[in-house]
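Have a look at the structure below, then the notes.
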Amino acid sequence: MTATHDDPSTAEAEVVDLCSELIRIDTTNTADPETLAGEAEAADYVAGKLREVGYEVEVLESGAPKRMNVITRLEGADRSRGALLLHGHLDVVPADPSEWSVHPFSGAVQDGYVWGRGAIDMKDMDAMMLAVARRFKREGVVPPRDIVFAFVADEEAGGKFGAQWLVENRPDLFEGCTEAVGEVGGFSLTYGEDQRVYLIESAEKGMAWMRLRARGKPGHGSFLHDENAVTRVAEAVARLGNHTFPLVVTDTVGAFVERMRELTGQDFPSDDLEGALAKLGPIARMVGATVRDTANPTMLSAGYKANVIPSTAEAVIDCRVLPGRREEFLREVDELLGPDVTREWVMDLPAVETPFEGALTEAMQAALRVEDPTAEIVPYMLSGGTDAKSFASLGMNCYGFAPLRLPPDLDFSSLFHGIDERVPVSSLTFGTRVLDRFLRTS
């Protein structure tokens, strides 16, 4: 019997297995060539699943061994329209099995969840993309426009061997793409008794990792010493880490606040915006970090012996900068560091902000409402970063839309890079149905 759009025997039925099998492939990205697992096995798995149903696939090693990417294109009905890129990353952050209830690479399906590292960041979306792509090919579905499916490497370390490499070396693979859809958006937030908003990422802060370095005079640890490199870098780190950057309401955050005010009736006063955002529950950690720049010390390095004052000391700072704030942010940083500490970028990726309007967001809303009649979409800014930073450089409007209807009591944001990462089975099947409809109508 030929499957129909309402027949769950294909994409919806296989998405759980696809997610579980992807999780079982260890793609840990430590950013260290000696310890990373690499994405090669997962790329082979994805490429095989796509070829199995008739796709022509490119598998590309992106500048380093085992850093593999998978790209394919499904031609649409109107090839004069701008194409849509659907992108997901195959790598995951490390996980310590001793801290987990289940093994992080088991892909266990139990208690209504698929468990494991990558379950929500982002092998759930990879599985949904793969399931829908397979269904479209099996059933001969011709979408309204070309869709490029990209499964890429190295997102968890900034994308140097994934999206960045592809954009710099193979932009032809994304020819005609005017819009892109990726991770960390489309998940639900319940308010009221049975009403949900689905947060769509339309902006993200810039991501810059900064190395600080202080120099001084080396010497014996027992002497009086007023040019200590360790003291200099420690004082600079303390000033920077304790600094509160000014509150700034960007266009995206302003739109989020206004829409949430309309939907919930909650007040978001300008003189206590952070306090109001904190009342949103667990998601407040993610949203609350988008009204200020941040500069968080994460690493310190100095010395080699207890009684030797070293000549240099270093620190690494994780900086997240709001759109339009870069120059002012750096001015404040330099004032805080003072003359005895220098800075250099370890990584420097720009902020992204896309207007939240037009046919694509309308298609997201419509696809969600078929499955959840109460659904309302709301734009938000991600405090972290995604591969959208790379794809935006090709002129694409980028959004985060990995649709998941979540249980109201699930602390979703804590699962990103957290212990016992898991995704509800019902959310995976819901998301697959929504993504299917979205791609047929966008």
message: Which count do you get for residues in region 228-271 that are in a loop (DSSP other than H, G, I, E, B) and buried (at least 17 other Cβ atoms within 10 Å of the Cβ)?
response: 4
message: So, restricting to strands (runs of 3 or more DSSP E) that lie completely within region 72-167, which ones have at least 1 residues that are closer than 28 Å to SER442 by Cα and of a type in the set (Ser, Thr, Tyr)?
response: none
- line: Wholly inside region 361-442, strands (runs of 3 or more DSSP E) that include 2 or more residues that are of a type in the set (A, V, I, L, M, F, W, C) are 376-382
message: Of everything in region 124-161, what is under 19 Å from SER20 (Cα atoms) and of a type in the set (Phe, Trp, Tyr)? Give them in sequence order.
response: PHE151
- prompt: Out of region 290-314, which residues are out of contact with any helix residue (DSSP H, G or I) (no Cβ under 8 Å at 6 or more places or on another chain), of a type in the set (Ser, Thr, Tyr) and more than 14 Å from ARG215 (Cα to Cα)?
  reply: THR294, THR298, TYR304
- request: Collect the residues in region 353-367 that are in contact with a helix residue (DSSP H, G or I) (Cβ under 8 Å, 6 or more places away or on another chain) and within 17 Å of LEU86 (Cα to Cα), keeping them in residue-number order.
  value: THR354, ALA363, MET364, ALA367
- prompt: Taking into account only those residues within region 168-189 that are of a type in the set (D, E, K, R) and outside any helix (DSSP H, G or I), which is farthest from ALA83 (Cα to Cα)?
  reply: GLU183
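Per-residue answers, yes or no, for (1) more than 25 Å from the chain's Cα centre (by Cα); (2) at positive phi; (3) of a type in the set (A, V, I, L, M, F, W, C):
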| position | (1), (2), (3) |
| --- | --- |
| LEU247 | no, no, yes |
| GLU262 | yes, no, no |
| GLY265 | yes, yes, no |
| ILE283 | no, no, yes |
| VAL291 | no, no, yes |
| ASN307 | yes, no, no |
- request: Report, by residue number, each residue of region 55-69 that is polar (S, T, N, Q) and part of a strand (DSSP E or B).
  value: ASN69
message: Scan region 190-200 and tell me whether some residue there is closer than 30 Å to ALA366 by Cβ, assigned to a helix (DSSP H, G or I) and not polar (S, T, N, Q).
response: no
- request: Look at GLY182 and say whether it is more than 30 Å from GLU314 (Cβ to Cβ), at pLDDT 95 or above and among the small types (Gly, Ala, Ser).
  value: yes
task: Name the one entry in PRO97, PRO104 that is modelled with pLDDT of 95 or more, closer than 17 Å to HIS417 by Cβ, surrounded by fewer than 16 Cβ atoms within 10 Å (Cβ to Cβ) and not aromatic (Phe, Trp, Tyr).
output: PRO97
statement: Within region 354-402, restricting to residues that are farther than 22 Å from VAL152 by Cβ and touching a Ser or Thr at 6+ places or on another chain (Cβ under 6 Å), the one that is surrounded by the fewest Cβ atoms within 10 Å (Cβ to Cβ) is ALA363
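Taking only region 206-257 into account, find how many residues are among the charged types (D, E, K, R) and in contact with a strand residue (DSSP E or B) (Cβ under 6 Å, 6 or more places away or on another chain).
Residues meeting the conditions: 4.
The values are calculated or read from the model by the stated rules, or taken from the named source; none is laboratory data. For clarity, every value in this text was computed on a predicted model and none was experimentally measured. Note that we place each Cβ from the backbone using ideal geometry, even for glycine, and neighbour counts take in every protein chain shown.
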